[in-house]
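Peer 1: Below is one structure. I have some questions about it.
Computed from the coordinates by the stated procedures, all read-outs in this text should not be read as laboratory data. Here the structure is a predicted model, which is why all the values come from computation and not from measurement. Quick reminder, even Gly has a Cβ in these numbers, built from the backbone with ideal geometry, and neighbours come from all protein chains shown.
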Amino acid sequence: MNLHGRHFLKELDFTAAEWRYLIDLARELKWERAAGVAPQRLAGKSIALLFEKTSTRTRCAFEVGAHEEGAYTTYLDPANSQLGHKESIADTARVLGRMFHGIEYRGFEQQRVEELAAYAGVPVWNGLTNEWHPTQMLADQLTMLEYGGGKDLPDIKLAYVGDARSNIGHSVLVSGALLGMEVRIISPVELQPSEAVLDAATRLTATSTAELHITDDLEAVDGVDFIYTDIWVSMGEPKELWRDRLALLRPYQVNTALLRRSGNPNVKVLHCLPAYHDLNTETARQLHAATGMSEFEITDEVFNAHADTIFTQAENRMHTIKAVMVATLGDAA
């Protein structure tokens, strides 16, 4: 599979075979790391990490992954780059593309990373935009292979519960459809995926075994292998919206009762982090002050009971991001 020179912007840009290749490559790279093998496929490469939004997992995954493969990284955030306020995206892309071999972007509208890709002349990778989060999906699907009891991805039933009109909700639906999975989106009607995203995912089912279900009924968790959730408030969202948003989503909390509804004693829980399962963060305390709740999208009990799966999912960001860089910039043979 030759993805050399390709951008990594959203799931819809790839065939099922290409996407699965990236997951399988990540499994190989994860094994190599555990075995102490270091082929240095990106030796001599320089990578720009362009962040307009803060990050823990994405930044660390790119930096560690690049370093282990022999590349150098330069981190640029709004405080030390001119992007958007003194220099256009197109001009920034043309500058960075002449200095770096690849560019990662994490920020706002999808159009921004698409414009970077149009002008950079080197591979551009989407670390998160408002609309899509493709690097997270590779990590999620690698984790499901590892914790799915031997099932291949097309045999896995996944329920995403909570706010699905989000980059995670969109990417879960589309990437699951691409891989032929059974995906159940369980969300208040007001927070279900947009019609455009649903149409795109539905088109993919014509050439895959995928089954897609969109509902507000929590009974739809029946028989699933994995229950996936994400935070209920997004970065940069006005705090004035928090009370109404949380009231709408409160019934969709991932708790012990919801896991019992699955009828699967071995059901696993996924969370892309950060998680507001207690009051040990400033944001959680602010949410508590606004709503009186002390646990939000997931209870502390469930979070800690499934911590191994969740933190493996976080670790897998590194292996899968490394796979994206190696496949598009290095020698993945």
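Peer 1: Give me the distance between the Cα centres of segment 229-269 and segment 5-58, rounded to whole Å.
Peer 2: What the calculation gives is 29 Å, centre to centre.
Peer 1: Listed highest first by mean packing, meaning other Cβ atoms within 10 Å per residue, what order do 95-105, 239-249 come in?
Peer 2: Numbers: 95-105: 21.8, 239-249: 14.5.
So the peptides 95-105, 239-249, ranked by packing, come out 95-105, 239-249.
Peer 1: What's the ranking of 277-287, 222-232 by average number of surrounding C-beta atoms within 10 Å, highest first?
Peer 2: 222-232, 277-287
Peer 1: Which value, to two decimals, describes the C-alpha radius of gyration of segment 211-330 once divided by 2.2 N^0.38 Å? Kindly include the intermediate steps, with their values, before the conclusion.
Peer 2: Working: Rg = 16.2 Å, N = 120, 2.2 N^0.38 = 13.6 Å.
My calculation over the Cα atoms of segment 211-330 gives 1.19.
Peer 1: Please enumerate, by chain and number, the lysines with C-alpha under 26 Å from the C-alpha of K45, excluding those fewer than 8 residues away in the same chain.
Peer 2: Those lysines meeting the cut-off are K10, K30, K53, K322.
Peer 1: Name the residue, out of H67, H271, H133, whose mean-square fluctuation peaks in a Gaussian network model built on the chain with Cα pairs under 10 Å.
Peer 2: H67
Peer 1: Also, I was wondering about something else. Bins of 20 Å, beginning at zero and ending with the bin holding the largest distance: percent of Cα pairs per bin for the chain, please.
Peer 2: Histogram of Cα-Cα distances, whole percents per bin: 32, 59, 9.
Peer 1: Now for a separate question. Using R₀ = 35 Å, calculate the FRET efficiency as 1/(1 + (r/R₀)^6) where r is the Cβ-Cβ separation of S194 and R98; round to 0.05.
Peer 2: Working: r = 37 Å, r/R0 = 1.05.
That pair, S194 with R98, gives E of 0.40.
Peer 1: Something else about it: Report the equivalent ellipsoid semi-axes for segment 30-183 in whole Å, largest first, defined as the square roots of five times the eigenvalues of the gyration tensor built from alpha carbon atoms.
Peer 2: Over the Cα atoms of segment 30-183, the semi-axes work out to 29, 22, 12 Å.
Peer 1: Can you give the FRET efficiency for H288 and D216, using 1/(1 + (r/R0)^6), R0 = 30 Å, r = Cβ-Cβ distance, to the nearest 0.05?
Peer 2: Numbers: r = 26 Å, r/R0 = 0.86.
Using R0 = 30 Å, I get an efficiency of 0.70.
Peer 1: Rank-order 137-143, 36-42, 257-263 by packing density, defined as the average count of other C-beta atoms within 10 Å over each peptide's residues, highest first.
Peer 2: Working: 137-143: 25.9, 36-42: 14.1, 257-263: 16.7.
Averaged packing, sorted descending, gives the order 137-143, 257-263, 36-42.
Peer 1: Here is a further query. Using the Cα centre of the chain as origin and beta-carbon charges of +1 (Lys, Arg) and -1 (Asp, Glu), tell me which of P265, G292, Y75 is placed farthest towards the positive end of the dipole.
Peer 2: Positive-end residue among those listed: Y75.
Peer 1: Please find the FRET efficiency linking L248 to E146, where r is the Cβ-Cβ separation and R0 is fixed at 51 Å, and quote it to the nearest 0.05.
Peer 2: Efficiency, rounded to the nearest 0.05: 0.95.
Peer 1: Before anything else, pin down the relative contact order of the chain: Cα pairs under 8 Å, at least 6 apart, normalised by residue count, whole percent.
Peer 2: This gives 21 percent for the chain.
Peer 1: Can you give the convex hull volume of the alpha carbon atoms of segment 136-315 per residue, in Å³?
Peer 2: Taking the convex hull of the Cα positions in segment 136-315, it is 107 Å³ per residue.
Peer 1: Between N80 and D13, how many nm apart are label points set 7 Å from Cα along the C-beta direction?
Peer 2: Between N80 and D13, the simple spin-label model gives 2.6 nm.
Peer 1: Rounded to the nearest 500, what is the 222 nm mean residue ellipticity of the chain from helices alone, with -39500 (n - 2.57) per DSSP H run of 4+ residues and division by all residues?
Peer 2: Details: 12 runs with 144 residues, N = 333.
When only DSSP H runs of four or more count, the value is -13500 deg cm²/dmol.
Peer 1: Which one of N316, N80, N255 has the biggest mean-square fluctuation once the chain is modelled by GNM with Cα springs under 10 Å?
Peer 2: Of N316, N80, N255, the Gaussian network model singles out N80 as fluctuating most.
Peer 1: Pick from Q136, Q111, Q192: which is most flexible by mean-square fluctuation in a GNM of the chain where alpha carbon atoms under 10 Å apart are linked?
Peer 2: Result for the chain, Cα springs under 10 Å: Q111 fluctuates most.
Peer 1: Another question, if that's okay. Give, in nm to one decimal, the length gained when the segment between A206 and A43 is fully stretched (0.36 nm per residue of separation minus the Cα-Cα distance).
Peer 2: Fully extending the segment from A206 to A43 adds 54.6 nm.
Peer 1: Could you pull out every residue, at least 5 positions away or on a different chain, whose amide H is within less than 5 Å of the one on W125? Hs are placed 1.01 Å off N in the peptide plane, and Pro or chain starts have none.
Peer 2: Amide H neighbours of W125, under 5 Å, 5+ apart: F8, I103, E104, Y105.
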